[in-house]
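In what follows, a structure is listed as structure tokens, so that the remarks can point back to it.
The values are calculated or read from the model by the stated rules, or taken from the named source; none is laboratory data. Here the structure is a predicted model, which is why all the values come from computation and not from measurement. Every residue, glycine among them, receives a Cβ derived from its backbone with ideal geometry; neighbour counts consider all protein chains shown. Accessible surface areas use protein heavy atoms only, side chains included; no ligands, DNA or RNA. Shrake-Rupley method; radii C 1.70, N 1.55, O 1.52, S 1.80 Å.
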Amino acid sequence: DQQVKQNSPSLSVQEGRISILNCDYTNSMFDYFLWYKKYPAEGPTFLISISSIKDKNEDGRFTVFLNKSAKHLSLHIVPSQPGDSAVYFCAARGPNTGNQFYFGTGTSLTVIP
Amino acid sequence: GAGVSQSPRYKVAKRGQDVALRCDPISGHVSLFWYQQALGQGPEFLTYFQNEAQLDKSGLPSDRFFAERPEGSVSTLKIQRTQQEDSAVYLCASSYGGVQPQHFGDGTRLSIL
């Protein structure tokens, strides 16, 4: 039972444009969300997080938006750069999930120079 | 400072053999997690330690899987009588605890022949 879903397995964007990666979740108790970036043969690297008391968190070119009523979050990358090409995972946890983080299946982003 | 270190990076074993995977977390991190990542999937939670205490092992798929962290630092994930379905990347992550982001190692790619 996939509690965190990333329905787009891949995304291609032109360099300089905006990349929007989407993530949906089913557990309404989730209150903390993270995005990770993963290059081949490396472990995931933490990118940005957001707690459920906020609806937006920004860090440089990266912004995460949270829509609790829709159980949806998105990661915006502006402007996209070729070095952003990687697999992006969203993850979530909540007070009823113990210490477990639930991960989506990932979206492979390709930024075309 | 050093990140999370995992060894070996690659492990090939014959079905039925026992394997041991090692994780050196970031110094000072009290929380340690093990994940299993199958091809094309996101990381799936296996088990969680707070210092030397294994507080959650609900994700371990069978009693062939065993994890320990005897001194609250290095952790070992052991898989007994390996099966082909155990083939995956095994990721270790550590954090200061709570809602602090997890930092991942590069994983051990396990292949069971």
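Here A:Ser69 clears all of (1) open to solvent by 40 Å² or more (accessible area, probe 1.4 Å); (2) touching a residue at least 12 places away in the same chain (Cβ under 8 Å); (3) assigned to a loop (DSSP other than H, G, I, E, B) except the condition numbered (2).
Out of the range A:1-51, which residues are outside any strand (DSSP E or B) and open to solvent by 70 Å² or more (accessible area, probe 1.4 Å)? Before the answer, list the steps.
We begin by selecting, within the range A:1-51, every residue outside any strand (DSSP E or B); these are A:1-3, A:6-9, A:15-18, A:26-31, A:39-44.
Once the filter is applied, which keeps residues that are outside any strand (DSSP E or B) and open to solvent by 70 Å² or more (accessible area, probe 1.4 Å), the range A:1-51 yields A:Asp1, A:Asn7, A:Pro9, A:Glu15, A:Arg17, A:Ile18, A:Thr26, A:Ser28, A:Met29, A:Tyr39, A:Pro40, A:Glu42.
Summed over the range B:98-113, the residues that are more than 9 Å from chain A (Cβ to nearest Cβ) and touching a His at 6+ places or on another chain (Cβ under 9 Å) give a count of 1. Looking across the range B:25-61, the residues that are among the polar types (S, T, N, Q), more than 9 Å from chain A (Cβ to nearest Cβ) and within 21 Å of A:Asn96 (Cβ to Cβ) come down to B:Thr47, B:Gln54.
Taken over the range B:90-103, residues that are open to solvent by 20 Å² or more (accessible area, probe 1.4 Å) and under 15 Å from the mean Cα position of the chain (by Cα) amount to 1. Residues of the range A:82-92 include at least one that is of a type outside the set (Ser, Thr, Tyr), open to solvent by 10 Å² or more (accessible area, probe 1.4 Å), out of contact with any Phe, Trp or Tyr (no Cβ under 7 Å at 6 or more places or on another chain) and away from chain B (no Cβ under 14 Å).
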